[in-house]
Amino acid sequence: MTISQYALDMADKVEAFVREVVIPHEADPRRDHHGAPTDELVAELKGKAREAGVLTPHIREDGSHLTQRETAVVLIRSGLSPLGPLACNTNAPDEGNMYLMAKVGSPELKARFLDPLVSGQGRSAFLMTEPAGWQGAGSDPSMMKTTCAPDGNHWVVNGRKTFITGYEGARVGIVMAKAEGIEQGGGACMFLIDLPDPAIRIEEIPNTIDNSMPGSHATLTIDNLRIPADQMLGEAGEGFKYAQVRLSPARLSHCMRWLGACIRANEIATDYACRREAFGKVLIEHEGVGFMLADNKILIKQCELMIDWCASVLDTGSLGTVESSMAKVSVSEALMKIADNCVQVMGGLGVTDKTIVEQVFREIRAFRIYDGPTEVHKWSLAKKIKREWKEAAQTAKGPW
């Protein structure tokens, strides 16, 4: 499947917008106590994106999505600044939530919950992960303890959630809970809700290593949250299936955005290495520095190829869970090396907030955990390898 000229042109427009309009706002003082951009700043940037014709660029005016390969060329460009995805409305968790609602939501739910997100009128949150000490769902969603029970024409939800990105200040929420007595799909359900809701209380919002997203990562208590039955997203009991519909492309979208950030960090480090002199020559002429930048160039190309390959699989209609796991591991680990090299090349300047290199390093370190730690994805892949071996062993002799 080829990439359309529309997508290529849109990607160029997004890059120009991010470089010319968004990047100058990286020093904007409108930040919360944790350093995340305020909703006021985000709203202003979205307004500028709307004027430039690059708001929600991965969704056409008729509501259709770009292909995953096309989305990649656009989202990589939006990620050239940590503020870029927020300005262009391609950020997490909104981009993944919009994708899921478009795939599963009824026309009525789309009009009420999806349209405001696409138009940039609000943010959203995905309420799935649960606290470890509560023995709830983390990397293993089957451990979910949050429950939902029918009560007349409503469902009542009780439980706790944690690391709910962007919750504070969000307008739309997708709540995932497990229903007793429903066996299909593991018994999980998803609901769309308006936020804030008095039945959901913020326990804490911890300071984390990353701070690119408004609303941070809240821990929540859900106490008798009553949701009209017609706000269920999709069918009862199919929540785990819908989670995969969302998470596979969302993992890949993270790879796209953070690749853009690392491309920019590498540009900054390269400029520094080509200007800064030490021991009689510019830094890039010292092999220890030049080789790190050479490694970065190789790793960036590897990331681009891995993203394009996984996107191609998703474009066939496959859930792509295996492929997205492979991409998430490969790209996040490569990006970590790129970001680390950039910091190292820049020395003392690289650990200050004088450039975005230091922030990119922190954000990528968090990315290696978010949307499934590297080790969980490798474990899942190892299980698949074993299954494939057993299937092959039943029909043919092994290679020995």
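The values are calculated or read from the model by the stated rules, or taken from the named source; none is laboratory data. In this text, all values refer to a predicted model and were calculated from it rather than measured experimentally. Cβ coordinates were reconstructed from backbone atoms using ideal geometry, including for glycine residues, and neighbour counts include every protein chain displayed.
Key figures for this structure:
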{"quantity": "Selected residue [out of contact with any His (no Cβ under 6 Å at 6 or more places or on another chain) and at pLDDT below 95] from 44, 20, 61, 51", "calculated": "61"}
{"quantity": "Residue satisfying all of: in the stretch 64-85; at pLDDT 95 or above and part of a loop (DSSP other than H, G, I, E, B); nearest to residue 120 (Cα to Cα) among these", "calculated": "83"}
{"quantity": "Answer from 328, 301 - the residue that is among the charged types (D, E, K, R), over 30 Å from residue 27 (Cβ atoms), at pLDDT 95 or above and under 17 Å from the mean Cα position of the chain (by Cα)", "calculated": "328"}
{"quantity": "Looking only at the stretch 73-91, and only at residues there that are among the β-branched types (Val, Ile, Thr) and under 21 Å from residue 119 (Cβ atoms), the one that is surrounded by the most Cβ atoms within 10 Å (Cβ to Cβ)", "calculated": "90"}
{"quantity": "Residue identified as surrounded by 22 or more Cβ atoms within 10 Å (Cβ to Cβ) and hydrophobic (A, V, I, L, M, F, W, C) among 376, 351, 357", "calculated": "357"}
{"quantity": "Criterion violated by residue 43 - all others in (1) in contact with a helix residue (DSSP H, G or I) (Cβ under 7 Å, 6 or more places away or on another chain); (2) over 16 Å from residue 311 (Cβ atoms) satisfied", "calculated": "(1)"}
{"quantity": "Selected residue (only one of 174, 193 is crowded, with 17+ Cβ neighbours inside 10 Å, free of Cβ contacts under 8 Å to residues at least 40 places away in the same chain and closer than 29 Å to residue 36 by Cα)", "calculated": "193"}
{"quantity": "Per-region count, the stretch 96-123, residues closer than 22 Å to residue 220 by Cα and either assigned to a loop (DSSP other than H, G, I, E, B) or in the same structural domain as residue 162 (by TED's automatic domain parsing) (or both)", "calculated": "2"}
{"quantity": "Criterion violated by residue 354 - all others in (1) under 30 Å from residue 274 (Cα atoms); (2) free of Cβ contacts under 8 Å to residues at least 24 places away in the same chain; (3) in a helix (DSSP H, G or I) satisfied", "calculated": "(3)"}
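Condition check ((1) of a type in the set (A, V, I, L, M, F, W, C); (2) touching a residue at least 12 places away in the same chain (Cβ under 8 Å); (3) assigned to a helix (DSSP H, G or I)) across all residues:
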{"residue": "302", "(1), (2), (3)": "no, yes, yes"}
{"residue": "343", "(1), (2), (3)": "yes, yes, yes"}
{"residue": "369", "(1), (2), (3)": "yes, no, no"}
{"residue": "375", "(1), (2), (3)": "no, no, yes"}
